[in-house]
Amino acid sequence: MKIAFVGKGGSGKTTLASLLARHLAAAGLPVLVIDADINQHLGVALGLDEAAAARLPAMGDHLEAIKDYLRGDNPRIRSTASMVKTTPPGRGSRLLRVVERNPLYELLERQAGGVRLLATGPFGADDLGVACYHAKTGAVELLLNHLVDGPGEYVVVDMTAGADCFASGLFTRFDRTFLVVEPTRKSTAVWRQYQGYARGFDVNLSAVGNKVQTDGDVAFLREQLGTDLLVHVEHSSLVRAAEQGRPLSLEALEAANRAALRRLREAVDATGKDWARFTRQAVQFHLRNARAWANARSGEDLATQVDPEFTLGPDTLRLAATP
Ligand SMILES: Nc1ncnc2c1ncn2[C@@H]1O[C@H](COP(=O)(O)OP(=O)(O)OP(=O)(O)O)[C@@H](O)[C@H]1O
Ligand SMILES: [Mg+2]
């Protein structure tokens with residue numbers, strides 16, 4: 001299952017992504033975590049020290065290698081250069097599994113807090129507001145578009161704040177999206193904005209309250225979010241202590257917060273897989289992207305990259321090139 005954490009800046013996306021990932025890993029389940037945020041904090045939230053976090057390989061620096069690998073021998077993709085962030089997989093493409101050895105994981109993956117971590121890499125001042133910024137999350141989009149996750153396997157992505165991910169199809173690449181909401185009006189406004197953008201795209205969106213301190217906070221979230229509020233996480237002195245440099249042990253986490261993590265997992269597990277939608281939207285955003293800029297940039301008609309016979313899913317693994 002592919003899971004995203006989104007929400008207002010500072011709402012707790014990184015904290016909750018790292019806690020859920022560790023909760024799943026502690027249950028012995030396969031988890032792959034991706035830091036796709038502008039502010040790369042997930043490594044540290046998972047327990048790496050700053051120096052180790054700074055040494056994480058950046059997916060953004062290896063875009064060519066990612067494209068070259070995933071392209072495989074798909075005849076519809078003429079060259080690595082003609083593969084753009086939305087180029088969908090087709091027959092001959094290399095597909096990824098959550099658990100396998102492949103050159104991409106070998107190049108990019110590191111262990112952090114008992115889970116496997118991939119990171120887009122920090123965003124320089126030059127990246128913000130221009131196409132390069134999207135090139136970095138483009139690496140994540142490519143990866144997710146080629147990833148066949150089986151039942152009981154989890155991919156947890158810490159996303160960028162607010163609604164930035166709507167600049168591409170990235171927001172449709174998840175089976176379940178958790179929008180983290182603090183009990184504040186600014187935070188619930190981000191919820192409504194995201195919900196508005198996502199409408200019409202079959203996004204399974206749930207609100208997750210965070211930093212809740214009082215009954216008044218709970219009442220506020222319920223009043224603002226109604227039944228969209230899946231669960232809330234309380235303000236945690238343990239999370240605060242971790243922020244002050246003490247190691248965070250999951251067993252020591254407050255009982256209510258551990259119960260909230262179980263609830264998140266249940267919600268993910270109760271979500272149906274819809275490979276047909278996943279594939280259809282990959283194609284939809286690719287065609288949109290091709291028309292908007294990618295055809296002009298590449299000098300090709302990138303609509304021809306779409307393989308009409310192909311639907312991503314467990315059945316198509318056998319059609320793919322081998323690692
Ligand atoms: N439940 C909680 N209890 C206590 N502190 C929390 C909780 N959730 C998050 N925090 C704290 O709030 C701050 C922001 O959290 P976090 O970095 O997870 O947010 P974010 O949404 O990822 O932020 P950004 O938009 O900067 O990426 C951190 O200092 C974190 O330790
Ligand atoms: Mg963050």
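When N is the residue count of the chain, what does its C-alpha Rg come to as a fraction of 2.2 N^0.38 Å? Please list the in-between numbers first.
Working: Rg = 19.2 Å, N = 323, 2.2 N^0.38 = 19.8 Å.
Dividing the Cα Rg of the chain by 2.2 N^0.38 Å gives 0.97.
Of the listed residues Asp274, Asp149, Asp49, the order by accessible area with a 1.4 Å probe, largest first, is Asp49, Asp274, Asp149.
The listed residues Glu64, Glu300, once ranked by accessible area (1.4 Å probe) with the largest placed first, stand as Glu64, Glu300.
Given an 8 Å cut-off on Cα distances and at least 6 residues of separation, report the relative contact order of the chain as a percent. All intermediate terms of the calculation are to be shown ahead of the outcome.
Values: 558 pairs, mean separation 88.8, N = 323.
Relative contact order here is 27 percent.
When the convex hull of its Cα atoms is viewed from all sides, the range 1-101 shows a mean projected area of 8.0 nm². Paramagnetic label reach from Thr184 (point 7 Å along Cα→Cβ; backbone nitrogen cut-off under 12 Å): within the range 199-238, residues 211. Expressed to the nearest 5 percent, the antiparallel share of DSSP beta bridges inside the chain is 10 percent. Here the range 190-308 yields Rg over Rh of 1.14, to two decimals, using C-alpha coordinates and the Kirkwood radius.
Using 0.36 nm per residue and subtracting the Cα-Cα separation, the extra length available between Arg101 and Arg277 on full extension is 60.6 nm.
The values are calculated or read from the model by the stated rules, or taken from the named source; none is laboratory data. Quantities reported herein were computed from a predicted structural model and do not represent experimental measurements. All Cβ positions, glycine included, derive from the backbone under ideal geometry; neighbour counts span all protein chains shown. What goes into the accessible areas is simple: the full protein's heavy atoms, side chains included, and nothing from ligands, DNA or RNA. Shrake-Rupley method; radii C 1.70, N 1.55, O 1.52, S 1.80 Å.
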